[in-house]
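Q: Sharing a structure, written as C-alpha cells. Questions coming.
The values are calculated or read from the model by the stated rules, or taken from the named source; none is laboratory data. All of these numbers come straight from a predicted model, not from anything done at the bench. All Cβ positions, glycine included, derive from the backbone under ideal geometry; neighbour counts span all protein chains shown.
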Amino acid sequence: MSEHVSGARDELLAEAVALREKGAREEARERLLALAARHPEDAEVAYQTAWAHDVLGLEAEAVPFYETALGAAAALAEEDRRGAFLGLGSTYRVLGRYEEAVTTLRRGAEEFPDDGALRTFLAMALFNTGEHHESTRLLLRLLAATSEDPSVRRYREAVEYYAEDLHETV
C-alpha cells in the first residue's frame, strides 16, 4: 500500500471510529463499509466495521468482518485481537451458533488466558451447548481468582478445589 493510500485510509478510519464514539453509529457504519470495500483484507478496517455493525444490533452482518479481522495476514493489535475474539464469539452466541461461539471463545481464551471477559463469555457459550459442568467450573475459577469479596476470598481454596469436580463432597 502506498504511503498516500495508507495515510488516507488511516484518516478515514479514524474519522469513522470517532463518529461511532460520538454516537453517529449509522454514518460510521456506512463509512466503514466503503472503506472495507476498498481494503477487503485489512484486519483493522474489518474489525472496526464488525464493531460498527455489532453496536447497531446487526450481528449477522458483523460476522464476516470479524472473521476477516481474525483471519487476515496482517495481525491486529493485541487489544483489538482480544476484542475481535470476544465480539465474534459473543455474536455467534447471540445468533444461536453456539458451537462456533465455543470454538472462537476457546481460541481467544487460550491466546489470552488472563482475559476474564473471554472466559466469562466462553462459560455462557458452554452453558448453551449443554456443557454445564465446564461452564460452572470456568466461572467458579474466575470468581475465586478475581473476587474482592472478603467472604469469597476466605473460601478461595475450597472454591478452586471444588470447581475441578463439582460432584466431590469430601
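Q: Restricting the search to the stretch 131-152, which residues are part of a helix (DSSP H, G or I), under 28 Å from the mean Cα position of the chain (by Cα) and not aliphatic (A, V, I, L, M)? First the steps, then the outcome.
A: The first filter runs over the stretch 131-152 and keeps only residues part of a helix (DSSP H, G or I), leaving 132-146, 150-152.
Right, trim to under 28 Å from the mean Cα position of the chain (by Cα) and you get 132-146, 152.
Listed by number, the residues that qualify are H132, H133, E134, S135, T136, R137, R141, T146.
Q: I need the full set of residues from the stretch 132-170 which are surrounded by 11 or more Cβ atoms within 10 Å (Cβ to Cβ) and more than 30 Å from T103 (Cβ to Cβ), in order please.
A: V152, R153, Y155, R156, listed by residue number.
Q: Considering only residues that are exposed (fewer than 14 other Cβ atoms within 10 Å of the Cβ) and in a loop (DSSP other than H, G, I, E, B), which ones fall in the stretch 14-36?
A: G23
Q: Would you list the helices (runs of 4 or more DSSP H) that sit entirely within the stretch 41-130 and hold 2 or more residues that are surrounded by fewer than 20 Cβ atoms within 10 Å (Cβ to Cβ), hydroxyl-bearing (S, T, Y) and not assigned by TED's automatic domain parsing to the domain that holds E27?
A: Counting at least 2 such residues, we get 98-111.
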